1. In region 67-85, which residues are modelled with pLDDT under 95 and either within 14 Å of ligand 2 (Cβ to nearest atom) or in contact with an Asp or Glu (Cβ under 9 Å, 6 or more places away or on another chain) (or both)?
2. Can you find, within region 15-44, the residue that is surrounded by the most Cβ atoms within 10 Å (Cβ to Cβ) among those that are within 15 Å of ligand 1 (Cβ to nearest atom) and over 17 Å from residue 76 (Cβ atoms)?
3. I'd like to verify a number: residues in region 152-167 that are within 18 Å of residue 198 (Cα to Cα), among the polar types (S, T, N, Q) and touching a strand residue (DSSP E or B) at 6+ places or on another chain (Cβ under 6 Å), how many?
4. Given the conditions (1) crowded, with 19+ Cβ neighbours inside 10 Å; (2) closer than 27 Å to residue 291 by Cα; (3) within 16 Å of ligand 2 (Cβ to nearest atom); (4) not polar (S, T, N, Q), and given that residue 314 satisfies all but one, which numbered condition is not satisfied?
5. Look at residue 424 and say whether it is touching a Leu at 6+ places or on another chain (Cβ under 8 Å), within 21 Å of residue 151 (Cβ to Cβ) and hydroxyl-bearing (Ser, Thr, Tyr).
6. Criterion first (among the acidic types (Asp, Glu) and away from ligand 2 (no atom under 14 Å from the Cβ)) does residue 49 satisfy it?
7. Only residues in region 87-111 that are more than 25 Å from residue 414 (Cα to Cα) count as the first member; pair them with residues that are of a type in the set (A, V, I, L, M, F, W, C) and near ligand 1 (Cβ under 10 Å from one of its atoms), Cβ under 6 angstrom, at least 6 apart or cross-chain, and list the lot.
8. Identify, from the list 580, 566, the residue that is in contact with a Pro (Cβ under 9 Å, 6 or more places away or on another chain) and in a helix (DSSP H, G or I).
Amino acid sequence: RNVTGDQIRKAMEHQLNPFTKQPHSAQYRRILEARKCLPVFSQMDEFLEMLSKNQIIVVVGETGSGKTTQIPQFVAYSDLPHTTGKLVACTQPRRVAAISVARRVADEMDVPLGKHVGYSIRFEDMTEPGSTFLKYMTDGMLLREAMNDNELSRYSTIILDEAHERTLATDILMGLLKGLAKRRADLKIIVMSATLDAFKFQSYFSLTHSCQDPSPAPLFKVPGRMHHVEVFYAQEPEPDYAEAAIRTVLMIHRAEDPGDILLFLTGEEEIEDACRKIKLEVDDLINTDPLSVGPLMCVPLYSSLPPQQQQRIFDAAPKPTQEGYPPGRKVVVSTNIAETSLTIDGIVYVVDPGFSKQKVYNPRIRVDLLIVSPISKASAQQRAGRAGRTRPGKCFRLYTDKDFVSELQEQTYPEILRANLANTVLELAKLGIKDLVRFDYLDAPAPETLMRALELLNYLAALDDDGELTPLGALMAEFPLDPQLAKMLIVSPEFGVSNEILTITAMLSVPNLWLRPPDQRAAADQAKALLAVPEGDHLTLLNVYNSYWQNKSDRSWAWNNFLSARALAQADNVRQQLLRNMEKFEIEIVSLGDARQRNIGIRKALVCAFFMQIAHREGEKGSYLTVKDDQIVTLHPSCSLEIQPEWVLFNEFIFTKRAYIRTVTEVRPDWLLELAPGYFDLSMLPDGETKRALQRMTNKRGGDGANSHSGKGDKGKRKT
Ligand code: ADP
Ligand code: MG
């Protein structure tokens, strides 16, 4: 690694692109001039020197300083991975960021996306083996790769970006890379963070030289070039932050100088709703008086938005409607994605209601929830910073300064301390890491959460009673799915329904299938009712997919049925990929001819995987009690069941104004005893209506005649 900054700059200015041997385009030169203004660009030499002298370095710098787009390129130019057949990986916590940044960097390097520069996210690999040498990927994908190649031998350099986000996968990768660094002296590791408290990373990756105290990993600091941001607080707490946010955006549009607005909201529905309302209000203002305000372009940004639409955040603000009329403005209404992952130039105003959706796992009741929660002070600071990228800006916080000081915690909790660890524990087991308690975590997870994960995997027979990975568990880890879904796919041939379960799994993996436009709710519900299958939502999903295929030639079928054509196409794509996976591991694709048998087989396969997600109808009308965890829940309004069966299996537990179960299917209690006898051990169930109901049924069947289903033996006790 002796390539100097001078040589790199020369190569960048050269007439020919060193990677494609083609002449550099005009766009390339234009972008290159912009890149030269990024703070990190002027530090290329220092960076290269530090990288050549150290195996691990920590990089910090304000969002927008050029870390994500430039540093991997510096590495690529100095490392020349294409000459050695190795790759540079740069991880991102978010799919959207991986795609968007890869596209940008491909443009910056003047190469086609997917060839020299690519990205890899779950179910979508935009790389070309043999050609791609710079790969942006989600942290989860790199973790999956590590399972099959513990040495990550394809990579010469691994860059963990957005480390401050502390996602579960990044945290685990840090632990793995720390160990790997000792085994692979040739591997370079770069940890990048947008917050300045990098010391935690530096000391975690400290080097122990013999007879010396460990010295922290060196820090490469990109100087911020932030303009002043004036922060305004609400006078009084806002009872409805979404409404207050819209009001504030309109106030800025009416009263403030030109400059784009970034509004943070928590999720798709809220964002689409706000965009709609803001547009209506502005149209109203312009209709009454065309001179009152300029045109406003409202752009949503959230992860399930189609990629082309995500690109719209980079469009320029609209021009005045006529010369001399008020100037136009762009409003980006975004989830946390725009907090640090993506930089939108031209933002001058930030509206921060102070909330984000956070994943929270409750190990006591074994429930994963996405909860709208107050953000941390660190997040609030990052958000405000978005306003000062190009010139002095303003940040409107929709909470009081008192609440900022007293209510917001300092840092966002690392995900490992609040997430469901089932997936991670299975991945670690596959990686051969047995002692989960002594794994070198940056922050160790709660023992209860680890125990819950081990317990689930043990019940699923992925881990045996000694915590060892079973052959079934090893196979489950090969699927890019949650353990339950993987298990369901693998056991489905035993029930003769792997063809159907494959479809259901694919359909469960795509978001936003059903369209429900606000002005056509009734029609949408009617269309859905026509596709519904009485026994439940999983079968409905299957029916939707099959109908989609039968009507493939009719391009408006999805639209006419209020279904997202994109989601269906995506499900189709996921299905193809899972199918290839099944073929690879010789899992048979079978289907039962008899419709009734098929229907039962499907639901039995569901029970085999989701037996821990069963609820029993109880008490007042429409309410259910989850088995063992005793949570009172109701069927979600989206549920397609016609009646309220006594026993149901659910895919999701969600909590909005009350607790709901969503994607629900009717099951029979004897299946529970037959297919998961270890879990439904009557002697272990707490007293209550559920236990009595199961008891009644056992008595009716004449004692405990339940057969243990293959591979999922009875296991009341577990060695610890
Ligand atoms: P960091 O990782 O330090 O937050 P980035 O490398 O993501 O910074 O971005 C650096 C700069 O590159 C941004 O300030 C912006 O000007 C430009 N940029 C990044 N992505 C795009 C894009 N998709 N379109 C236009 N400009 C972009
Ligand atoms: Mg970045």
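1. none
2. 39
3. 0
4. Evaluating residue 314 over (1) crowded, with 19+ Cβ neighbours inside 10 Å; (2) closer than 27 Å to residue 291 by Cα; (3) within 16 Å of ligand 2 (Cβ to nearest atom); (4) not polar (S, T, N, Q) leaves (1) as the failure.
5. Values: touching a Leu at 6+ places or on another chain (Cβ under 8 Å): yes; within 21 Å of residue 151 (Cβ to Cβ): yes; hydroxyl-bearing (Ser, Thr, Tyr): yes.
Here the answer is yes, as residue 424 does meet what is asked.
6. Yes: the conditions hold for residue 49.
7. That search, which allows pairs on different chains as well, returns 108/31.
8. 566
The values are calculated or read from the model by the stated rules, or taken from the named source; none is laboratory data. Here the structure is a predicted model, which means the values were calculated and not measured. So basically every Cβ, Gly included, is an ideal-geometry build from the backbone, and we count neighbours across all protein chains shown.
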